[in-house]
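All remarks here apply to the structure that follows.
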Amino acid sequence: MTHTVLIVTDETDLVADRVAAELAGRGIPVVALDTSHFPATISMATGIATGSHRWAGTIGRPGGKVVDLACVGAVYWRRPTQFEMDDRMTSPERAFAYGEARRGFGGVLIALGQKDCLWVNDPVAAARCEYKPVQLQVAAQAGLNVPSTLITSDPQAAYNWAKELGKPIIYKPLSGIWHADEGRIRALYTTPIENLNELLDPAMGYTAQLLQEQIPKAYEARAVVVGSEVFTLRIDSRSDQGRIDWRSDYDSLTYADIDLPADFQEGLVELHRRLGLVYGAADLICDTNGRWWFLETNQRGEWGWLADETGVPVAEALADILEEGPSWAR
């Protein structure tokens, strides 16, 4: 029997729609689920019986589209949204209810991945991958080149490290580029450190800081890893800021399909295997000597605009794996 693919994302996600359309065109049942609608308009009724090896029951809209958990063979954990609790509850009641929803609703879904369901990506593995120190260590173990990196809260240690390194360095936020700033969203991009005395600022000691060797770029690339396939797009920028961090100036970018060296491509696949990821969007640098460097991978990294620009077949590759389901990982 053909299994059902469950796509967990918000209702505005056009990228997920591409994968859903590709699966539907192959005759694969697909159900999209926006978790922000639980428990207001999405309900669940699930149980595990004595002697059974998995949860059974249904999740969906009463009187609308419902997914039978017994039929789910793959989950595309694309863009999960926050549960929305009833505002008639007090603040402590909402906090308690949210925790129960996360452990109950979320827990039943995660339990599907123990044996009979393929996750892209497994939420537990994905959560571990949010830590850049983990990524860099595993990347090095997988044979990829990683820039010299320091994580410290000691201004003097930062200064001493940079002086000893003797090369240009950059600062990068550990938690991504988007940050709340007094009611607004602020972007923190990669920033070159021009004056090493800046590292002696006491503010360096306020939290953990990531400093990294600045690799001399010929160009950057994004490598989209889907299982054992790697789709690599060269990214060039026409602006100075875009050449430092291409995410800061999308309008200046141009793209081209390229082939990675085989050993680096194999290293990326091995990295994602060790991290427990089926999918990842890795950011890379090709230096002025033609040597490749790994910067980071994003387990929910965007690829839709790259498909628009280049036609890279990520949707098809994801559909291949989701269609195969749990047998893919065996």
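Annotations
- Hits in the range 270-284 - residues which are aliphatic (A, V, I, L, M) and under 24 Å from Trp246 (Cα atoms): Leu271, Ala281, Ala282, Leu284
- Considering the range 199-219, and only residues there that are among the polar types (S, T, N, Q) and outside any strand (DSSP E or B), the residue that is modelled with the highest pLDDT turns out to be Gln214.
- Selection status of Tyr98, out of contact with any Pro (no Cβ under 7 Å at 6 or more places or on another chain) and closer than 23 Å to Arg273 by Cα: no
- Answer from Lys132, Lys163, Lys115 - the residue that is charged (D, E, K, R) and assigned by TED's automatic domain parsing to the domain that holds Met44: Lys115
- Total residues in the range 127-161, condition surrounded by fewer than 20 Cβ atoms within 10 Å (Cβ to Cβ), of a type in the set (Gly, Ala, Ser) and in a helix (DSSP H, G or I): 3
- Matching residues, the range 70-94, being within 25 Å of the chain's Cα centre (by Cα) and over 19 Å from Glu324 (Cβ atoms): Arg79, Pro80, Thr81, Gln82, Phe83, Glu84
- The range 229-244 - residue that is touching a residue at least 40 places away in the same chain (Cβ under 8 Å) and aliphatic (A, V, I, L, M) and, of those, nearest to Ala315 (Cα to Cα): Leu233
- Answer residue from the range 228-281, given it is within 21 Å of the chain's Cα centre (by Cα) and β-branched (Val, Ile, Thr) and is farthest from Arg128 (Cα to Cα) among those: Ile235
- Looking only at residues in the range 111-125 that are crowded, with 21+ Cβ neighbours inside 10 Å, closer than 18 Å to Gly227 by Cβ and aliphatic (A, V, I, L, M), the one that is farthest from the chain's Cα centre (by Cα) is Leu118.
- Residue match in the range 53-62 (condition: within 26 Å of the chain's Cα centre (by Cα), crowded, with 19+ Cβ neighbours inside 10 Å and part of a loop (DSSP other than H, G, I, E, B)): no
- Of the residues Gly325, Gly301, the single one that is surrounded by fewer than 18 Cβ atoms within 10 Å (Cβ to Cβ) and modelled with pLDDT under 95 is Gly301.
- Any hit, the range 220-234, residues being of a type in the set (Asp, Glu), buried (at least 18 other Cβ atoms within 10 Å of the Cβ), outside any helix (DSSP H, G or I) and modelled with pLDDT under 90: no
- Selection of the range 199-227 for residues being under 21 Å from the mean Cα position of the chain (by Cα) and among the hydrophobic types (A, V, I, L, M, F, W, C) yields Leu210, Ala221, Ala223, Val224, Val225, Val226.
- Residues that are touching a residue at least 24 places away in the same chain (Cβ under 8 Å), farther than 18 Å from Arg102 by Cβ and not in a strand (DSSP E or B), drawn from the range 27-52: Gly27, Ile28, Pro29
The values are calculated or read from the model by the stated rules, or taken from the named source; none is laboratory data. Note that the coordinates shown come from a computational prediction; the quantities given were computed from them, not determined experimentally. As a convention, Cβ positions derive from the backbone with ideal geometry for all residues, glycine included, and neighbour counts pool all protein chains shown.
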